[in-house]
Amino acid sequence: MTRRLLLHVGTPKTGTSYLQDVLHRNRRTLAAAGISYPADRFDAHFLAALDLMRLPWGGLETEAIGAWDRLAEQVRDHHGTSIISHEIFAAASRSQVGRALRDLGHGEGTEVHVVLSVRDLVRQIPAEWQENVKHRSSISYARFLRQVQDPSREGRIASWFWSVQEIPDILNRWGHDLPPEHVHLVTVPPPGGAPEVLWQRFSETFGLDDLDLDLEAERVNPSLGVPETALIRRINASANRQLPPADYRPLVRELLAHQTLSRRVGSPRLGLPPEVHPWVRDLEDSWVAEIRERGYDVVGDLADLEGAPAVGAWADPDQPSEKQVASAAVDAIKALLLENGRLQQEAGRLRGDLDAAHRDLERSYLRPTYRLREKAVRRLQTSRLGRGALRAYRVGRGRSSRSA
């Protein structure tokens, strides 16, 4: 059977977490249909991407060593269809793309298809700023926008943003050595559409339509409103120096942002300032024209890349409603208190288990012969002659401890 690879390389904030969750949880069903999603853990492809691109990522890069080679070997060993998916692959340089395709068997019998899921910049720009905030950044929204709009694109924020969001450039890096019909563009529907439409487009692209898959989401990357994002940014500015990255992720990103504050759906949503919309629209129009000219396979509608115009009042996350931020802070404190209570209960349970283990150990030592020896030792220790006899006994036994 010919090897066939579907390589999904991004972009971030386009339903990628949901897609990867579905693929990972349905590995057995996929395998029964001859489709390999080679991932022994949920973040296996993320680690492989870090390894391929040698990206620093809060210490995870050390855990990622060797992950790319293992993933590539699994793909080469599977004689059927394989799927790889992670959004940070979008940032790969041309040389890294070349290595990736070679390692995956391109040019040696593997039919490679590159998949890029995309969303309009009206939603992507504020989403990327929020992701920066959820990864410990305290940069203001205004400063982030200035850096993104700077034509020089210098600095960490601008260079990363455009490496994972400039659609024609990503397609050029990943698809330059592939026929255009092997490059697939999946568009995210505009706001207000049926949520299942995006999955249907993914399913069509990956050839999953005939499979009975469990589509219930367990892992998602939810968005926050304006006051909630402002609160996390203030926490970052205050706590980053004291809170190490290993503690930040479970406490701030997961517990506060994803599990608590994302549920406050009544808050104002993040958006673009009205004055930025014309610049974004011109850029989106140029992208759509370039994509049409290249002749890629579009699953969805290129009109989806034209972001919605500014409607209603814009909420500035740099100057949020303090009353709304305070309300979000109360929910955050409540979540931390409940988590602390849960951890205290867990610690109490573990202490109980440890005490029980100690009692069991003591009982195992207090067998009749042990008790007799212990009694004899105590008697000998009450006299000088007895203590001397004990020392001589221990030397004769070659024991350095003071136990009998």
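A few notes on this one:
- The chain - charge dipole about Cα centre, Lys and Arg +1 at Cβ, Asp and Glu -1, debye rounded to 20: 4600
- Cα centroid separation - the stretch 192-262 against the stretch 93-118, whole Å: 28
- Hull shadow area, averaged, the stretch 25-124 [alpha-carbon convex hull, nm²]: 7.6
- With loop membership from DSSP and a limit of 13 other Cβ atoms within 10 Å, the longest segment of the chain without GluC sites (Glu not before Pro) is 219-404.
- Normalised per residue, the volume of the convex hull around the Cα set of the stretch 215-291 (Å³): 180
- Surface composition of the chain: carbon and sulfur atoms hold 52% of the protein heavy-atom accessible area at a 1.4 Å probe.
- Net charge of the neighbourhood of residue 234, taken over other residues with C-beta under 13 Å away and scored Lys/Arg +1, Asp/Glu -1, is -1.
- Solvent-accessible area per residue, Å², over the stretch 217-338 with all protein chains present [probe radius 1.4 Å]: 55
- Long-range tail of P(r) for the stretch 1-78 (Cα pairs > 21 Å, %): 30
- Note on the stretch 157-228: Cα Rg divided by 2.2 N^0.38 Å, N the number of residues, gives 1.43.
- Counting lysine pairs in the chain that sit 8 or more residues apart in sequence, or on different chains, and whose Cα atoms lie under 25 Å apart gives 4.
- Restriction of the trypsin sites (Lys or Arg not before Pro) in the stretch 58-114 to DSSP coil positions whose beta-carbon has at most 16 other beta-carbons within 10 angstrom yields no sites.
- Tensor-based shape of the stretch 292-354 (alpha-carbon gyration tensor, a/c under 1.5 rounded, otherwise prolate or oblate): oblate
- Convex hull of Cα atoms in the stretch 232-382, direction-averaged projection (nm²): 20.1
- Alpha carbon convex hull of the stretch 88-135, projected area averaged over orientations, nm²: 4.5
- Each helix, a run of at least 4 DSSP H residues, gives -39500 (n - 2.57); summed and divided by the residues of the chain, these come to -16500 deg cm²/dmol at 222 nm.
- Shown here for the stretch 129-188: trypsin sites (Lys or Arg not before Pro) in loop regions (DSSP other than H, G, I, E, B) with at most 16 other Cβ atoms within 10 Å, namely 153.
- Dividing the convex hull volume of the alpha-carbon atoms in the chain by its residue count gives 235 Å³ per residue.
- Gyration tensor verdict on the stretch 115-237 (Cα atoms; rounded if a/c is under 1.5, prolate if a/b is larger than b/c, oblate otherwise): oblate
- Low-density loop cleavage sites - trypsin sites (Lys or Arg not before Pro) in the stretch 232-276, where at most 11 other Cβ are within 10 Å (DSSP): 241
- Charge dipole of the stretch 109-178 about the Cα centre (unit charges at C-beta), most positive-ward option of 158, 110, 139: 139
- Under 11 Å, Cβ to Cβ, from residue 63 - net charge with Lys/Arg +1 and Asp/Glu -1: -2
- By definition, a body whose alpha carbon gyration tensor gives a ≥ b ≥ c is prolate when a/c is 1.5 or more and a/b is larger than b/c, and the stretch 288-327 fits this prolate description.
- Antiparallel %, DSSP beta bridges [both residues in the chain], to 5: 5
- Distance from the stretch 1-29 to the stretch 327-357 (C-alpha centre basis), Å: 36
- Computed magnitude of the charge dipole of the stretch 231-307 (debye, nearest 20; Cβ of K, R +1, Cβ of D, E -1): 880
- Charge context of residue 259, other residues only, Cβ under 15 angstrom, K/R +1, D/E -1: +3
- Relative contact order [Cα under 8 Å, 6+ residues apart], the chain, whole percent: 19
The values are calculated or read from the model by the stated rules, or taken from the named source; none is laboratory data. Predicted model, so just to flag it, every value in this text is computed and none were measured. All Cβ positions, even for glycine, are placed from backbone atoms using ideal geometry, and neighbour counts span all protein chains on display. Protein only, heavy atoms only, side chains kept; ligands, DNA and RNA dropped before computing areas. Shrake-Rupley method; radii C 1.70, N 1.55, O 1.52, S 1.80 Å.
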